[in-house]
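Shown next, in structure tokens, is the structure this report addresses.
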Amino acid sequence: MITSILAQSIWQPESASTVAPTVDWLFYFILYLSTFFVVLIAGLMVYFAIRFRRKDPNDMPEGMTHSTALELTWTVIPTIILMFIFVVGFRGYLDMVQPPSGAYEITVNAQKWSWSFEYPNGAVSSELHVPANTPVILTLTSKDVIHSLYVPAFRTKKDAVPGRYNKTWFQSVVPDDRFEPSVTIGEGDDAQTFNDVAVYDIYCAEYCGTQHSKMLTHVVVHKPEDFVKWVKDAGNRLKGLSPVEMGRELFKQNGCVNCHSTDGTPGTCPTLKDVYGHAVQFSNGVPPIDKADENYIRESIVDPNARIVRGYSPGAMSSFANLPPEQIDALV
């Protein structure tokens, strides 16, 4: 019991997927094996230093003898152990890269510095929502630089690379008592509350820029029947909203809030407070404008490098020209 508690709190996070037990077993096997040999070798070194210490200045060491049996022993045994580790690790790797048929598919888009998850019905969310105890395939890509989606509790990590698609899969294993009656994610206007879910952390495990450490989100695991309802509601979330309400939702959904503040706080990208209707200075040889209007804002969304606001660097923002026209209008 004590070992289990230590394992969950010190060496490994919670185990919440089908592949996690195999990863953990191999991790602890290597850890305990390494500990055994460290103690054995260090202990023999100390013993030999004491047992065969030079007791007299005139002591002379005896001639060294060759032992074929000893050399075979310390060659064959480690080789067998390493081959065993390879076989167990390779079998676990094959399980992790071969998704079962009929898995639920979700597209993952990464960009500096946010995650976006798209579902088969067109729903999009900034958290990864999945059904419990169901295999899920993630197809990952990136809009700018290399990112890496890492879910410690699932022992899952996969790179999102610009211009290509990577795939990974997992199946959550969530006991009934792990589901929480109510969980709130985010703060202030961005807060969302989910009922009867289990929540796990997602990190970016590849250094991707100045806000790499803040590129955080969550896996929200629903019970299967609740997930069906959630994804249906999420697919209809933008329907019936006014342009302002839709724009506010898209601003959060597309990760704009991670780089652009709305209260004047400086960040990686210019604050949006008091931009509209005010003068803007640029640093890339473009003449300033006296009054930022809808056309300037739209250009900044679809071609963010056309005019670089003074004090900021090009390339910090990806283009959102792929958004549907009505969504761009709502953001403007």
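The values are calculated or read from the model by the stated rules, or taken from the named source; none is laboratory data. From a predicted model like this one, the values you see are computed outputs, not experimental measurements. Counting neighbours? That spans all protein chains shown, and the Cβs are built from the backbone with ideal geometry, glycine included. Ligands, DNA and RNA are excluded from the accessible area calculation, which covers all protein heavy atoms including side chains. Shrake-Rupley method; radii C 1.70, N 1.55, O 1.52, S 1.80 Å.
Semi-axis lengths, largest first, of the ellipsoid equivalent to region 248-332 are 19, 14, 13 Å, with √(5λ) applied to each eigenvalue of the Cα gyration tensor. Here is the list for region 21-123: trypsin sites (Lys or Arg not before Pro) lying in DSSP coil, each with at most 14 other C-beta atoms within 10 angstrom of its C-beta, are 53, 54, 55.
With R₀ set to 56 Å, the beta-carbon distance separating residue 146 from residue 71 gives a calculated FRET efficiency near 0.80.
Our summary of shape: the Cα atoms of region 178-332 have principal axis extents of 57, 38, 26 Å, ordered from largest down, in whole angstrom.
For region 202-241, chymotrypsin sites (Phe, Trp or Tyr not before Pro) meeting the loop criterion (DSSP other than H, G, I, E, B) and having at most 15 other Cβ atoms within 10 Å: 207.
Helix 20-51 and the longest principal axis of the Cα set of the chain meet at an angle near 40°. Taking 0.36 nm per residue of separation and subtracting the Cα-Cα distance, full extension of the segment from residue 298 to residue 64 would add 76.1 nm. Pairs of Lys residues in region 126-239 are counted when their Cα atoms are under 20 angstrom apart and they lie 8 or more places apart or on different chains; the count is 10. Rounded to the nearest Hz, the phi-derived 3J(HN,Hα) couplings of region 318-332 under the Karplus curve 6.51 cos²θ - 1.76 cosθ + 1.60 (θ = phi - 60°) are 8, 6, 10, 5, 7, 5, x, x, 5, 6, 4, 4, 5, 5, 4, where x marks glycine and proline.
Rounded to the nearest 10 degrees, the angle from helix 243-253 to the longest Cα principal axis of the chain is 10 degrees.
Relative contact order (percent) for region 16-120, with alpha-carbon contacts under 8 angstrom and 6 or more residues of separation? Write down the numbers at each step before the final one.
Working: 26 pairs, mean separation 30.3, N = 105.
Reported as a whole number, the value is 29 percent.
For region 293-319, the residues whose amide N sits under 18 Å from a probe point set 7 Å from the Cα of residue 118 along the beta carbon direction are 302-303, 318-319.
Based on the Kirkwood approach, the hydrodynamic radius assigned to the chain is 24.1 Å, with every pair of different Cα atoms included.
Tell me the per residue accessible area of the chain using a 1.4 Å probe; a whole number in Å² is fine. Walk me through the intermediate numbers first.
On the way: 19910 Å² over 332 residues.
Here the per-residue accessible area is 60 Å².
Leaving ligands, DNA and RNA out of it, report the carbon-plus-sulfur percent of the accessible area of region 108-165 at a 1.4 Å probe. Can you show the working numbers first?
Details: 900 of 1850 Å².
Percent of accessible area from carbon and sulfur atoms in region 108-165: 49.
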